[in-house]
Amino acid sequence: MQKYSGQIRRGGAVAFEIGPESIDVEFSSGWIYRFTYERPGALRVERMKELALAGQGLSTFISRHVKNRYESRRHKNEASTAQVP
């Protein structure tokens, strides 16, 4: 995971990892969410990648435009991922 350089707020993004068709975002709570081209969609994922690399606006974009439309999530202390039904 790459450290997110944006302003860290309680509950905000702290790290991310970019894949070809996905982005994983770790929040200060320790939860890591995977967003993919399938969920919430390619346009949103590509925008999230841009914001993550720019170091600003990622958490706000997720809370305003993505919300709970993630592919899976896991806690950084857990080995497996929990799929969204």
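The values are calculated or read from the model by the stated rules, or taken from the named source; none is laboratory data. Since the model is a prediction, treat every value here as computed from it, not as a measurement. Cβ: placed from backbone, ideal geometry, glycine included. Neighbour counts: every protein chain shown.
Structural remarks
- Tally, over the range 1-13, of residues that are outside any loop (DSSP other than H, G, I, E, B) and in contact with a Leu (Cβ under 7 Å, 6 or more places away or on another chain): 1
- Hits in the range 61-73 (condition: part of a helix (DSSP H, G or I) and more than 9 Å from the chain's Cα centre (by Cα)): 61, 63, 64, 65, 66
- Positions within the range 1-43 being touching a strand residue (DSSP E or B) at 6+ places or on another chain (Cβ under 7 Å) and more than 20 Å from residue 74 (Cβ to Cβ), in sequence order: 6, 8
- Flag if residue 22 is polar (S, T, N, Q) and in contact with a helix residue (DSSP H, G or I) (Cβ under 8 Å, 6 or more places away or on another chain): yes
- Candidate set: the range 1-38, residues that are at pLDDT below 95 and β-branched (Val, Ile, Thr); chosen: the one farthest from residue 69 (Cα to Cα): 8
Okay, residues lined up against (1) under 10 Å from the mean Cα position of the chain (by Cα); (2) exposed (fewer than 15 other Cβ atoms within 10 Å of the Cβ); (3) not in a strand (DSSP E or B):
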{"residue": "15", "(1), (2), (3)": "yes, no, no"}
{"residue": "25", "(1), (2), (3)": "yes, no, no"}
{"residue": "38", "(1), (2), (3)": "no, yes, yes"}
{"residue": "43", "(1), (2), (3)": "no, yes, yes"}
{"residue": "49", "(1), (2), (3)": "yes, no, yes"}
{"residue": "56", "(1), (2), (3)": "no, yes, yes"}
{"residue": "59", "(1), (2), (3)": "yes, no, yes"}
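- Boolean, residue 50 is under 17 Å from residue 2 (Cβ atoms) and among the acidic types (Asp, Glu): yes
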